[in-house]
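The values are calculated or read from the model by the stated rules, or taken from the named source; none is laboratory data. The shown structure was predicted, so the numbers you read here are calculated from the model rather than taken from an experiment. Here the Cβ is made from the backbone with ideal geometry for all residues, glycine too, and neighbour counts use every protein chain on show. Heads up: the accessible areas ignore ligands, DNA and RNA and are worked out on the full protein's heavy atoms, side chains in. Shrake-Rupley method; radii C 1.70, N 1.55, O 1.52, S 1.80 Å.
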Amino acid sequence: MALYWLCIFRVFASSVEVIVEPPMWWVGMAQPKLQLLLRGKDIGAATIQLQQYPNVKMLSQQSVANSDYLFVNLLINEGAATGQLQFKITWPDGQESILSYALGARKKASAARKGFDNSDVIYLINPDRFANGDVSNDTQANLLEGVTPTDPDGRHGGDIAGIIQHLDYLAQLGVTQLWLTPVLENNHPKYSYHGYAITDFYQVDGRMGSNEAYRTLSLLAQKQGMGLVMDMVLNHSGSHHWWVSAPPTPDWLNPKTHLGQFSATSHARQTIQDPHASSNDKRAFSDGWFVPDMADLNQRQPLLAQYLIQNAIWWVEYADLSGIRVDTYSYSDKTFLTEWTKALLDEYPQLGIVGEEWSTNPAIASYWQQGKHNHDGYESYLPSVMDFSLQQAVIEGLQEPESWNTGLIKIYQSLANDFLYPHPEKLLVFADNHDMSRVFTSLKQDVAKTKMALGLLLTTRGIAQLYYGSEILLDNTPSDAHGVIRADFPGGFAHHTVNAFTGQGLTPAQKDMQQWLTQLLNFRKQQPVLHQGDLMHFSPQNGVYVYFRYNDDQSLMMILNNNARPLTLELSRFNERLIGYRHYQSPLQLELKGDLDKPIELSPNSFTLLQLQQ
């Protein structure tokens with residue numbers, strides 16, 4: 001049993017509060033070395049000694065420029081037992097005190113955990129906006145911002161307890177992974193709900209719940225057949241983090257100003273790959289601050305780099321995660337990113353990791369995927385990147401008139417660029433997320449085209465991701481402000497009159513979409529051909545795009561009709577994928593069945609899924 005109850009975040013030594021991070025660790029890790037950050041008044045001037053403990057050795061203590069920090073390096077050899085390490089601290093005034101540190105036992109087969117893959121559908125949740133399961137934690141005395149439900153940019157009170165209370169709904173919907181935007185502490189006076197300005201990397205925000213609640217969510221989700229994906233931020237911290245006002249080293253953060261002005265990031269992510277880019281442009285991208293309230297971290301600083309690596313490993317082990325989504329992936333130092341991903345995969349070879357590389361150019365995005373032979377020799381270990389190219393192509397292609405270079409051809413062209421990726425099957429595909437207008441809004445409230453978009457993304461290659469509320473057509477018209485895009489999920493809060501969890505008050509269109517998507521998701525869950533099968537597609541003609549997912553045993557045929565009128569589709573053009581099959585039936589429309597030697601009648605603006613039969 002893991003000794004979580006022995007975790008010590010703070011000890012009082014010689015009347016000095018000492019904070020230790022990571023707060024505890026485990027025996028039997030692949031990497032035997034462990035770096036402890038100790039923070040306390042003048043701790044850097046103290047002497048640390050590890051009391052004798054079999055198979056654990058203290059390698060060194062490292063003082064830094066700020067005397068309120070001390071780094072201790074340990075070696076935890078094979079055979080070390082669970083228990084309490086005891087460190088004797090000798091303070092400059094000669095006083096002595098004892099600091100205890102817990103070593104716990106890992107979960108059985110922890111290293112072999114299965115991460116998310118292309119058999120999964122990941123459901124993205126903004127926890128503050130999903131459901132308020134515990135109103136007692138809405139306001140915390142030690143946190144600056146309380147709940148203001150009517151403010152789109154304020155906290156609304158959603159929490160981990162609210163997600164736990166609705167796990168049945170999520171399981172019945174058919175999703176298999178939960179990605180929560182960051183739940184760690186964001187102690188800012190305003191606009192703290194989104195979670196991306198972290199002020200404590202080892203503590204769940206009290207308004208979201210607790211570390212234990214997060215771990216309980218992971219356990220209960222697993223019992224419902226769902227994994228938990230943590231949204232991690234490596235590029236920056238919140239400006240109210242304790243290391244911003246008092247960094248351990250002068251180079252812990254990248255400078256906030258350059259030449260007397262705020263050093264804002266350029267967002268010119270292409271500079272990393274550009275063979276002609278100036279050093280100044282590269283620096284402006286990787287070292288600039290995202291916004292004034294998000295301090296840019298300098299991952300070239302080795303102590304900080306190790307801190308971030310260990311923090312990620314700690315959360316995977318502690319919360320039993322199935323994967324990680326990395327925010328603003330390419331903004332961090334690229335050498336560090338290789339070290340970070342490799343360290344995670346050394347510990348957990350099958351862990352799912354996806355990086356946000358917001359580029360619609362596959363030549364830029366593919367640079368970051370594991371296995372890519374890059375022109376500059378850069379080696380990445382990142383298994384998956386987000387497919388912004390396909391997302392843009394779907395939204396644009398479904399709305400444009402059909403021609404040789406507009407309409408569905410954009411979807412075809414985006415997928416045709418898969419040769420740039422070493423593993424296109426591992427790309428994360430999505431119609432929208434928390435940083436862009438919702439798919440229903442982008443498609444101008446067209447239900448049929450929304451089904452076309454979601455149908456495609458749930459049946460093409462890749463790992464599928466849905467944004468919460470897509471199943472009930474949540475809409476951010478007329479505003480694309482983030483606070484509106486991240487609207488409350490109906491039924492998650494006491495004052496709601498509409499409840500999407502039960503169906504109460506939903507419109508007929510919303511109920512139909514919820515039922516249709518539930519049917520498709522649960523069908524997808526049972527279809528290995530949609531997880532591992534090959535993809536073959538045919539260039540769109542006359543506003544119709546046809547593609548197949550197939551293996552040796554099964555074949556599915558998908559058809560997008562982007563015409564506002566019914567269409568009769570002759571099938572002879574697709575004969576190379578129809579060989580061996582004579583009939584078809586739709587699992588979503590059981591009345592839709594027939595023979596493959598006859599044309600198929602397509603409804604206007606429709607997504608059609610057919611199972612081929614011999």
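Numbers below:
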{"item": "The lone exception for Thr216 - which of (1) more than 28 Å from Gln301 (Cα to Cα); (2) in contact with a strand residue (DSSP E or B) (Cβ under 7 Å, 6 or more places away or on another chain) it fails", "result": "(2)"}
{"item": "Condition check for Gln413: surrounded by fewer than 21 Cβ atoms within 10 Å (Cβ to Cβ), in a loop (DSSP other than H, G, I, E, B) and modelled with pLDDT of 95 or more", "result": "no"}
{"item": "Single unsatisfied condition, Leu506 versus (1) of a type outside the set (Asp, Glu); (2) touching a Lys or Arg at 6+ places or on another chain (Cβ under 9 Å); (3) not in a helix (DSSP H, G or I)", "result": "(2)"}
{"item": "Condition met for Asp435 (at pLDDT 95 or above and under 18 Å from the mean Cα position of the chain (by Cα))", "result": "yes"}
{"item": "Among (1) within 19 Å of the chain's Cα centre (by Cα); (2) surrounded by fewer than 18 Cβ atoms within 10 Å (Cβ to Cβ) - the single one Pro182 does not satisfy", "result": "(2)"}
{"item": "Residue satisfying all of: in segment 364-376; part of a loop (DSSP other than H, G, I, E, B) and either open to solvent by 60 Å² or more (accessible area, probe 1.4 Å) or touching a Ser or Thr at 6+ places or on another chain (Cβ under 6 Å) (or both); nearest to Val326 (Cα to Cα) among these", "result": "Gln370"}
{"item": "Which numbered condition Gly225 fails, given (1) within 22 Å of Phe116 (Cα to Cα); (2) open to solvent by 30 Å² or more (accessible area, probe 1.4 Å); (3) assigned to a helix (DSSP H, G or I)", "result": "(3)"}
{"item": "Residue list for segment 471-504, filter: among the polar types (S, T, N, Q) and open to solvent by less than 10 Å² (accessible area, probe 1.4 Å)", "result": "Asn476"}
{"item": "Top-ranked residue in segment 273-290 [being touching a residue at least 12 places away in the same chain (Cβ under 8 Å) and in contact with a helix residue (DSSP H, G or I) (Cβ under 6 Å, 6 or more places away or on another chain); ranked as farthest from Leu337 (Cα to Cα)]", "result": "Asp281"}
{"item": "Selection count, segment 52-66, where residues are more than 16 Å from Ala30 (Cα to Cα) and open to solvent by less than 50 Å² (accessible area, probe 1.4 Å)", "result": "5"}
{"item": "Candidate set: segment 185-215, residues that are more than 20 Å from the chain's Cα centre (by Cα), charged (D, E, K, R) and open to solvent by 10 Å² or more (accessible area, probe 1.4 Å); chosen: the one nearest to Leu37 (Cα to Cα)", "result": "Glu212"}
{"item": "Residue within segment 385-398 that is β-branched (Val, Ile, Thr), under 23 Å from the mean Cα position of the chain (by Cα) and in a helix (DSSP H, G or I) present", "result": "yes"}
{"item": "Asn77 open to solvent by 40 Å² or more (accessible area, probe 1.4 Å), in contact with a Lys or Arg (Cβ under 8 Å, 6 or more places away or on another chain), of a type outside the set (Asp, Glu) and over 22 Å from Glu212 (Cβ atoms)", "result": "yes"}
{"item": "Subset of segment 288-309 that is at pLDDT 95 or above and among the small types (Gly, Ala, Ser) - its residue that is farthest from Arg269 (Cα to Cα)", "result": "Ala305"}
{"item": "Residue within segment 120-128 that is more than 18 Å from His194 (Cα to Cα), hydrophobic (A, V, I, L, M, F, W, C), under 25 Å from the mean Cα position of the chain (by Cα) and crowded, with 17+ Cβ neighbours inside 10 Å present", "result": "yes"}
{"item": "Every pair of residues 6+ apart whose Cβ atoms lie under 6 Å, when the first sits in segment 317-340 and is among the acidic types (Asp, Glu) while the second is surrounded by fewer than 23 Cβ atoms within 10 Å (Cβ to Cβ) and in a loop (DSSP other than H, G, I, E, B)", "result": "Asp327/Glu356; Asp333/Arg300"}
{"item": "Any hit, segment 136-151, residues being among the hydrophobic types (A, V, I, L, M, F, W, C), touching an Asp or Glu at 6+ places or on another chain (Cβ under 9 Å) and crowded, with 21+ Cβ neighbours inside 10 Å", "result": "no"}
{"item": "Check on Ala246, open to solvent by 10 Å² or more (accessible area, probe 1.4 Å) and over 27 Å from the mean Cα position of the chain (by Cα)", "result": "yes"}
{"item": "Unique match (being more than 29 Å from Phe548 (Cα to Cα), modelled with pLDDT of 95 or more and not basic (Lys, Arg)) among Gly491, Gly455, Gly462, Gly533", "result": "Gly491"}
{"item": "Whichever residue in segment 235-291 is small (Gly, Ala, Ser) and outside any loop (DSSP other than H, G, I, E, B) and, among such residues, is farthest from Asp333 (Cα to Cα)", "result": "Ser245"}
{"item": "Residue under evaluation Ser359, criteria (1) closer than 30 Å to Asp432 by Cβ; (2) of a type in the set (Ser, Thr, Tyr); (3) open to solvent by less than 10 Å² (accessible area, probe 1.4 Å), criterion not met", "result": "(3)"}
{"item": "Enumeration of residues in segment 245-303 that are among the aromatic types (Phe, Trp, Tyr) and under 30 Å from Asn73 (Cα atoms)", "result": "Trp252"}
{"item": "Hits in segment 332-350 (condition: open to solvent by 10 Å² or more (accessible area, probe 1.4 Å), under 19 Å from Leu427 (Cα atoms) and either in contact with a Phe, Trp or Tyr (Cβ under 9 Å, 6 or more places away or on another chain) or part of a helix (DSSP H, G or I) (or both))", "result": "Thr338, Lys342, Leu345"}
{"item": "Subset of segment 285-296 (residues that are touching an Asp or Glu at 6+ places or on another chain (Cβ under 9 Å) and either surrounded by 21 or more Cβ atoms within 10 Å (Cβ to Cβ) or under 28 Å from Tyr214 (Cα atoms) (or both))", "result": "Ser286, Trp289, Phe290, Asp296"}
{"item": "Some residue of segment 589-602 being open to solvent by less than 70 Å² (accessible area, probe 1.4 Å), within 25 Å of Ala416 (Cβ to Cβ) and touching a helix residue (DSSP H, G or I) at 6+ places or on another chain (Cβ under 8 Å)", "result": "no"}
{"item": "Near pairs, Cβ below 6 angstrom, 6+ apart or cross-chain, from segment 537-566 (over 17 Å from Leu588 (Cα atoms)) to any residue that is among the acidic types (Asp, Glu)", "result": "Gly543/Glu402; Tyr550/Asp534"}
{"item": "Residue pairs meeting the criteria (Cβ under 8 Å; at least 6 apart or on separate chains; first among the aromatic types (Phe, Trp, Tyr), in segment 598-614; second in a strand (DSSP E or B) and open to solvent by less than 50 Å² (accessible area, probe 1.4 Å))", "result": "Phe607/Met558; Phe607/Ile559; Phe607/Leu560"}
